[in-house]
Amino acid sequence: MLIRRSVALLFIIILFLAILTGWHIKSENGIKIQTKINNIKLSSLWAKITDYANLQNSTANLEWLHLRVSDGKLQSLHLEFTGEDRQGRSRIYYVDINSLGLINIYSRSIRVVQHTTHPDYIFAELDKLGLEKIGHNFILDADFEWGDLIFNSTCGGLYLLDGGKLVPIKQVTFHTNTPVCRILVCRNSSCEVWFTQEDLLKADDVDGTLSFYSR
């Protein structure tokens, strides 16, 4: 009886702290996705997330995508994005998926939403390529940078991801206050950087096979 009371008290404390700090915690243990990467479509995952998150889909801005694949299976996925809920309030959302494919969604209110790229644009480009074509063991991070940036192929592969293809690039230079999505893909001890067509249009100079993007 004492153990049950202690557990109940602990649950009340956790619930109180969640309410106090403004977090909304939604555990979706009944919702699963396939973990074999040849069965994973990120756009379908996004549709599933928007079905259950209190979100106006058109207002979403990607903050960070991290996924880890081992032996051809998804081991973990972490997604962060901002947007407005259905009541018009700005929020940041966190999505975690474990190796069993179970989805958990968390969110909290924020004052300012940073405008980046809609998650489904990045997801659709990755789907056209197919996660299985990246490899059976890799880590992928999609993040945003801005300012004075130079990327070149001397430190690893540099590519345009467009229409399911990876086109080599020698160097890209940015001088922008607009966030640019950098997709970092690491396999074993080597890494590559990918950009979408939308982000290369923000570049001041592209040196390589895509010189027509240069301004």
All-but-one check, Ser189 against (1) touching a strand residue (DSSP E or B) at 6+ places or on another chain (Cβ under 7 Å); (2) under 20 Å from Arg68 (Cα atoms), failing number (1)
Could you give me the residue pairs with C-beta distances under 6 Å whose first residue belongs to the range 69-89 and is farther than 18 Å from Ile105 by Cα, whose second residue is in a strand (DSSP E or B) and of a type outside the set (Val, Ile, Thr) wherever it lies, and which are 6+ apart or on separate chains? Val69/Phe138; Lys73/Lys36
If you check every pair at least six apart or on different chains, which have Cβ atoms under 9 Å apart with a residue in the range 180-197 that is touching a residue at least 60 places away in the same chain (Cβ under 8 Å) first and a residue that is surrounded by 15 or more Cβ atoms within 10 Å (Cβ to Cβ) and part of a loop (DSSP other than H, G, I, E, B) second? Cys181/Thr116; Cys181/Thr117; Thr196/Thr117
Report, by residue number, each residue of the range 117-152 that is touching a residue at least 24 places away in the same chain (Cβ under 8 Å), in contact with a Gly (Cβ under 9 Å, 6 or more places away or on another chain) and in a helix (DSSP H, G or I). Glu125, Asp127, Lys128, Leu129, Glu132
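Just for the range 145-185: of the residues that are charged (D, E, K, R) and in contact with a helix residue (DSSP H, G or I) (Cβ under 7 Å, 6 or more places away or on another chain), which one is surrounded by the most Cβ atoms within 10 Å (Cβ to Cβ)?
Per the criteria, the residue is Asp162.
Readers should treat all values here as calculations from the given coordinates under stated rules, not as data from a laboratory. Quick caveat: nothing in here was measured; it's all calculated off a predicted structure. Using ideal geometry, Cβ is built from the backbone for each residue, glycine included, and neighbour counts are taken over all protein chains shown.
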